[in-house]
1. Among the numbered criteria (1) of a type outside the set (A, V, I, L, M, F, W, C); (2) more than 18 Å from Leu38 (Cβ to Cβ); (3) free of Cβ contacts under 8 Å to residues at least 60 places away in the same chain; (4) out of contact with any helix residue (DSSP H, G or I) (no Cβ under 9 Å at 6 or more places or on another chain), which single criterion is violated by Glu78?
2. Could you pull out every one of the strands (runs of 3 or more DSSP E) wholly within region 74-178 that has 3 or more residues that are open to solvent by less than 80 Å² (accessible area, probe 1.4 Å), of a type outside the set (Ser, Thr, Tyr) and closer than 21 Å to Tyr30 by Cα?
3. Just to be sure before I move on: is Pro60 touching a residue at least 12 places away in the same chain (Cβ under 8 Å), touching a His at 6+ places or on another chain (Cβ under 9 Å) and open to solvent by 50 Å² or more (accessible area, probe 1.4 Å) in the structure I sent?
4. Restricting attention to region 40-57, report how many residues are open to solvent by 30 Å² or more (accessible area, probe 1.4 Å) and under 14 Å from Thr166 (Cβ atoms).
5. Ser151: touching a strand residue (DSSP E or B) at 6+ places or on another chain (Cβ under 6 Å) and farther than 29 Å from Ile34 by Cα, yes or no?
6. Going by the conditions given, is Thr102 out of contact with any Phe, Trp or Tyr (no Cβ under 7 Å at 6 or more places or on another chain) and of a type in the set (S, T, N, Q)?
7. Only one residue in Gly37, Gly2 is at pLDDT below 90 and surrounded by 15 or more Cβ atoms within 10 Å (Cβ to Cβ), so which one is that?
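The values are calculated or read from the model by the stated rules, or taken from the named source; none is laboratory data. In this text, all values refer to a predicted model and were calculated from it rather than measured experimentally. As a convention, Cβ positions derive from the backbone with ideal geometry for all residues, glycine included, and neighbour counts pool all protein chains shown. Just so you know, the surface numbers come from the protein's heavy atoms only, side chains and all, with ligands and any DNA or RNA stripped out. Shrake-Rupley method; radii C 1.70, N 1.55, O 1.52, S 1.80 Å.
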Amino acid sequence: EGFVDGSEFVAKDELITKISGQPNIVQEGYAKSIFGGLGPVPPKVNQKTAYTIYWKISNPGSDIIQANLSAILPAGVEWENKTEVHNAQSQVTFNSRASEVTWSLQVVPSKTGVSLPSIEGFFQISVTPSENQKGKPITLLKNIRLNGVDSFTKQAISLTVGDISTDQVKDDLGGTVQ
């Protein structure tokens, strides 16, 4: 505090810390789903089984811009070209050359999954196990990553989700190849 010409003045110093809210991805696999079921569960050698992958995105923080969710289909996992999305404008797509599933969301609004509905995507993939996979689970999806930019802090966001395999499927008993 100080005085200038008899008037009091107060000097303030303000520090603003920008905090980035972290988005969240729920990832689940199902043998039976909105696309129906196809093939034996658990999977059997030389028989095709389809699985549906479900992604649910929430974002309690600032808008995420340039948002892109992607994953790789490992060798032996096939894209079935069946997709559905809820509360998003863009579709889940597949690049066969890169074996990459991509969902270019562009913007994940602030409060998605909080006061706004979660963004949800579904897509179907399949496997036809070979003899050498018998007794083992099969990885269905790997390198799952959400990339974007926090619109408030301007910081890059990169969120990685663990691989998903047949032994993690919600409605598959056992998940290892028979």
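1. Exception for Glu78: condition (2).
2. It comes to 77-86, 100-108, 119-127, 139-150.
3. no
4. 4
5. In short, yes.
6. For Thr102, the condition - out of contact with any Phe, Trp or Tyr (no Cβ under 7 Å at 6 or more places or on another chain) and of a type in the set (S, T, N, Q) - is met.
7. Being at pLDDT below 90 and surrounded by 15 or more Cβ atoms within 10 Å (Cβ to Cβ) holds for just one of Gly37, Gly2, which is Gly37.
To keep it simple, each residue is scored yes or no on (1) at pLDDT below 95; (2) hydroxyl-bearing (Ser, Thr, Tyr).
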| site | (1), (2) |
| --- | --- |
| Pro60 | yes, no |
| Gln66 | no, no |
| Ile72 | no, no |
| Glu78 | no, no |
| Ser99 | no, yes |
| Thr102 | no, yes |
